[in-house]
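Down below is the structure, laid out as structure tokens.
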Amino acid sequence: MELRRPTLADRETVLEMMAEFEKIQSAHGGIFWDAENFSYEEWLESNRDKEMGINLHENRVPSIQFVSFNDIGRALGFLNLRLRLNEGVLNYVGHIGYSIRPSERGKCYAKETLRQGLQVAKEKNIKRTLVTCSVNNPASRAVILANGGLLEDVRNVVERYWIEVANE
């Protein structure tokens with residue numbers, strides 16, 4: 001599995017994955033889109049802007065959008081790495097948000113996606129990474145714990161875990 005920034009060449013597989021999330025109205029942490037007015041090309045441009053901290057909406061922080069792919073190039077999931085914390089990121093969403101397409105869940109892709117995302121965080125000099133999940137999401141909790149997450153607390157049904165990446 002490879003975690004990388006999506007490109008124009010990935011358009012078909014990423015759109016197929018988005019459609020799968022939409023079809024069953026599955027939650028998709030790590031990315032948000034307007035299904036009615038979505039343009040893949042504009043999304044790629046927006047991703048570049050967000051990474052550089054350009055045109056950020058109020059209370060947003062610079063972030064890098066990744067997609068995980070299997071060995072034949074099929075999109076498996078999303079991961080968004082927020083490059084710094086503000087109040088909202090600190091209390092609710094953490095440094096990393098991720099999700100795996102519904103048809104690929106239960107195959108350890110989330111664990112590997114988060115592992116690779118933590119390595120990128122380390123490369124970006126984020127030594128302690130905050131990852132959150134809903135109290136009602138035992139699968140995500142298991143992924144976070146498998147990657148070394150230590151529970152700090154629960155705020156408004158959001159479990160907040162810190163993962164030390166500096167010494168890995």
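Taking the range 52-69, which residues are of a type in the set (Val, Ile, Thr), without any contact (Cβ under 8 Å) to a residue 60 or more places away in the chain and more than 15 Å from residue 89 (Cα to Cα)?
54, the sole residue that qualifies.
Note down all Cβ pairs under 8 Å where the first residue falls in the range 116-130 and is closer than 13 Å to residue 80 by Cβ, the second is hydroxyl-bearing (Ser, Thr, Tyr) and part of a helix (DSSP H, G or I), and they're at least six residues apart or on different chains.
Pairs that qualify, where the first residue is closer than 13 Å to residue 80 by Cβ and the partner is hydroxyl-bearing (Ser, Thr, Tyr) and part of a helix (DSSP H, G or I): there are none.
Among the listed residues 36, 12, 41, which satisfies the condition of being in a helix (DSSP H, G or I) and in contact (Cβ under 8 Å) with a residue 12 or more places away in the chain?
Working: 36 fails: in contact (Cβ under 8 Å) with a residue 12 or more places away in the chain; 12 fails: in contact (Cβ under 8 Å) with a residue 12 or more places away in the chain.
Exactly one residue qualifies, and that residue is 41.
Given the condition closer than 25 Å to residue 159 by Cβ, in contact (Cβ under 8 Å) with a residue 60 or more places away in the chain, touching a His at 6+ places or on another chain (Cβ under 8 Å) and crowded, with 16+ Cβ neighbours inside 10 Å, answer yes or no: does some residue in the range 83-102 qualify?
Taking every residue of the range 83-102 in turn, at least one turns out to be closer than 25 Å to residue 159 by Cβ, in contact (Cβ under 8 Å) with a residue 60 or more places away in the chain, touching a His at 6+ places or on another chain (Cβ under 8 Å) and crowded, with 16+ Cβ neighbours inside 10 Å.
Please return the ranges of strands (runs of 3 or more DSSP E) entirely within the range 55-150 where 3 or more residues are aliphatic (A, V, I, L, M).
Details: elements: 63-69, 75-82, 96-100, 128-134.
It comes to 75-82.
Which is modelled with pLDDT of 95 or more, at positive phi and either in contact with a helix residue (DSSP H, G or I) (Cβ under 7 Å, 6 or more places away or on another chain) or surrounded by 18 or more Cβ atoms within 10 Å (Cβ to Cβ) (or both), of 117, 149, 73?
73
Answer with yes or no whether residue 24 is open to solvent by 90 Å² or more (accessible area, probe 1.4 Å) and in contact with a Pro (Cβ under 9 Å, 6 or more places away or on another chain).
The answer is yes for residue 24.
Would you pick out the residues in the range 152-168 that are exposed (fewer than 12 other Cβ atoms within 10 Å of the Cβ) and part of a loop (DSSP other than H, G, I, E, B)?
Listed by number, the residues that qualify are 156, 157, 166, 167, 168.
The values are calculated or read from the model by the stated rules, or taken from the named source; none is laboratory data. Just so it is clear, the model here is predicted, and its values are computed rather than measured. Reconstructed Cβ throughout: ideal geometry from the backbone, glycine too, with neighbour counts over all protein chains shown. We work out accessible area using only protein heavy atoms, side chains counted, and drop any ligands, DNA or RNA first. Shrake-Rupley method; radii C 1.70, N 1.55, O 1.52, S 1.80 Å.
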